[in-house]
Structure formats: structure tokens, C-alpha cells
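One structure is given here, and the rest of the page talks about it.
Just so you know, all these numbers are worked out from the coordinates, no wet-lab data involved. Remember, it's a predicted structure, so these values are computed and weren't measured experimentally. No Cβ is skipped: glycine too gets one built from the backbone with ideal geometry, and neighbour counts run over all protein chains shown.
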Amino acid sequence: MKKKLLLLTFIVSAFGLSLKAQDTVKTTGDAPLVLNGSVDTYFKSDFSGHGNIPTSFANENSSISIGMIDLGLKKSVGNASFVGELSFGPRSDQSIPTAGYHIQNLYVSYNLTSKFNLTAGYMSTFIGYEVISPAANFNYSTSYLFTNGPFQNAGFKATYTFSDKVSLMAGIFNDGWNVYQSVGGRVNTFGAQLMVVPVKNWTVYLNVAAGPQSGTEFDVTTNYQITSAFKLGLNYADFSAPSGTTGGFSGVAIYPQIAVSKAVTLGLRGEIFSTKTGTWATTAGPAPGDKVSGITFTANVKAGPFTFIPEIRFDNNSAKTMFTDGGGAATSSASQFVLAAVYAF
């Protein structure tokens, strides 16, 4: 009799908990957890026989190598949401501030209204054309503008969307770029972005990030889908060194792309990157007062979730201080071939 009473009590309790759980789902509007990401691998060969071009990622020469596995999680419940992005691999290690953390993005967001959003945490930068994830870039190798600009900014920002053609973001960020916490115990970098859509299919972003420890960068990023097959992108940036140093850089990169079929798109990146005279040194690039230019020919070949990326790149330095030839002598030029495979999900 006791066993029957216990069984009946268990069934009633389970049924009650089930009803409560169903009611919770209905009242909170609990959305599913969304998972996305990518995996990439590549082969690179510098024509000199050794690594030469110092921009970010794909640094291993004459080797079938790995990039990273990138895992993004996001979830929204009502007006609140979060994004968390973890990455593992050599490409990840070169784009995060602290080994062992593996965090690319970690932030929370809240919509005060349908037009006004607040976001806080560690976020991919709003500056520049190229990004860390190989799935979101057309070229597999990266530009000098990307390597020398910020990768991430930690802080707090507010975004107001006036219409589908105009929005404005303004925020306050940690004193250093690409850090999980402030370097000097200060949150004193100001950042802002104005987004405008002058005509259909043309988007322009006007960006600024300025702080005494991080320096000041003005940046223009734009994309124009001119026809269904032809797209044109452009990135211009000017950077002034932080307090205590002099110099900086300026540069421009252009990104024309044309789809020759549903599966194949051809494109190139043409870049000119100059350093200003002073004491500040680039992360990767020419010595102060010098210039480097490059042209990269890239194809994207789609096969389901795969993108195969054959690429050839030619860079030229004005002062013969960046590159060496097959015999180790200083030279003004460098070139490389890359074949990459990116699986996006």
C-alpha cells in the first residue's frame, strides 16, 4: 500500500512539474540556443622558400597546417541576449590576449526599445573591413590594415537605429585594444560608428576609436553590391600613435569581387599601407616612414558548407627592409601561394 501511495505521489508531482515547465516556456518566450562557427585548414608556400609576409595568420610555410575551430553561441529571451564565441588553434592563439582563455567574444545585450540597444562585454571590433573568422572573410590572408588595427574592444556601447538607412553607436572602452581587462586600470577609450545607406545595396561605416593609451584611429569601411554579380568594398584608415610615442600609419585597401557562377567568385585585394615617421612601430609592416603595397588574387569555390580558397599574393616594400629572397638577401618584394579550405556551420 505504501509503495502504491509513493508511486501515485511521484506521478502527481512529475505531472505538476511538467505543467510548470511548459508554463515557464510559454511565459518567458525561451528561444533556442543557436550554435554557429567554422573550421579551417590551409597550405601556404612562399616563393622565396621561407616565410616572408608578416600579416596575421597562415604563417606556417610549406606545410599543411590548421587554422582554428571557432564556436559561437547566442541566445535571446525577450529583449535580452548574449553572445559567446570560443576558438581553438593557431589562428585563435594569435587573436586572443591571454593563452588558455580561448574567448573571441563574450557580451550581453539588451533592447531598451526596438531602436535603442545597450551592449557590454568583450566584442569584436567595429573598426575595419576584415575580421578574425576565415568564414567571414573573402581573402584567406589578411591585410596590413587588419593586422595593425584592433581585433577586439572591451567596453560598453549604445546603438540607436534611426531607420534602416541610419544608425549611430557610441561607447566607452578599456584603455588598451585586444585585452580582457584594462591595462592601466582605466576605461578611457572612446569609440563611435555612424552607419549610413546612401542608396540601395550600398552601406558605409564611419568609425573612430580614440584614447591616450590606445591611440586614435579614424576608419571608413564600405560595401557596394553594384549588381547581383559585382561587389566593391573599400577600407581606409589613419592611425595616430598613443601618448608618449610619435608616428602611426595610414592605408587603403580595395576589394572588387565578381561572381562568375553560383559556386565561383573571383576577387582581389589591392592595398597601400604607409607608416608615419616617429617612434611607434607597426605590429607587422614597414619601418617608420616606409610603405608597402600588395595585391592578392583570390577565388572562393563553394561546395555546400565548404569554401575552397586558392590565393596568390604579391607584396612590395619601398625600402627593402621587410623581405628576403631565397638566399637570405634583402629584397623589395615577396610573394606566396595559399590553398585553404573553410567549413562553416
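Helix 2-28 against the longest principal axis of the chain: what's the angle in degrees, Cα atoms only, rounded to the nearest 10?
Rounded to the nearest ten degrees, it is 50.
Counting Lys and Arg as +1 and Asp and Glu as -1, each charge on the Cβ, what is the dipole of the stretch 189-345 about the Cα centre in debye, to the nearest 20?
Here the stretch 189-345 has a charge dipole of around 420 debye.
Select from the stretch 238-315 those trypsin sites (Lys or Arg not before Pro) which occupy a DSSP coil region and have at most 12 other Cβ atoms within 10 Å, ordered by residue number.
Passing sites in the stretch 238-315 are 262.
Would you mind counting up the charge near residue 191? Only other residues with Cβ under 11 Å from its Cβ, with Lys and Arg at +1 and Asp and Glu at -1.
Summing Lys and Arg as +1 and Asp and Glu as -1 gives -1.
Pairs of alpha-carbon atoms within less than 8 angstrom and 6+ residues apart define the contacts here; what relative contact order does the chain have, in percent? Show your work: numbers first, answer last.
Working: 895 pairs, mean separation 46.3, N = 345.
Relative CO of the chain lands at 13 percent.
Would you work out which of 61, 199, 299 lies farthest towards the positive end of the dipole of the chain, given +1 charges on the beta-carbon of Lys and Arg and -1 on that of Asp and Glu, about the Cα centre?
It is 199.
With springs only between Cα atoms under 10 Å, which of 146, 230, 156 fluctuates most in a Gaussian network model of the chain?
Maximum among the listed residues: 230.
For the stretch 32-344, give the magnitude of the charge dipole about the Cα centre (Cβ charges: +1 Lys/Arg, -1 Asp/Glu; no others), in debye to the nearest 20. Intermediate values should be presented prior to the final figure.
Working: 17 positive and 17 negative charges, 148 e Å.
Approximately 720 debye in magnitude.
Net charge near residue 252: determine it from the other residues with C-beta under 13 Å of the C-beta of residue 252, scoring Lys and Arg +1 and Asp and Glu -1. Don't skip to the end; give the middle numbers.
Working: positive: 269, 291; negative: 219, 238, 271.
With Lys, Arg at +1 and Asp, Glu at -1, the neighbours total -1.
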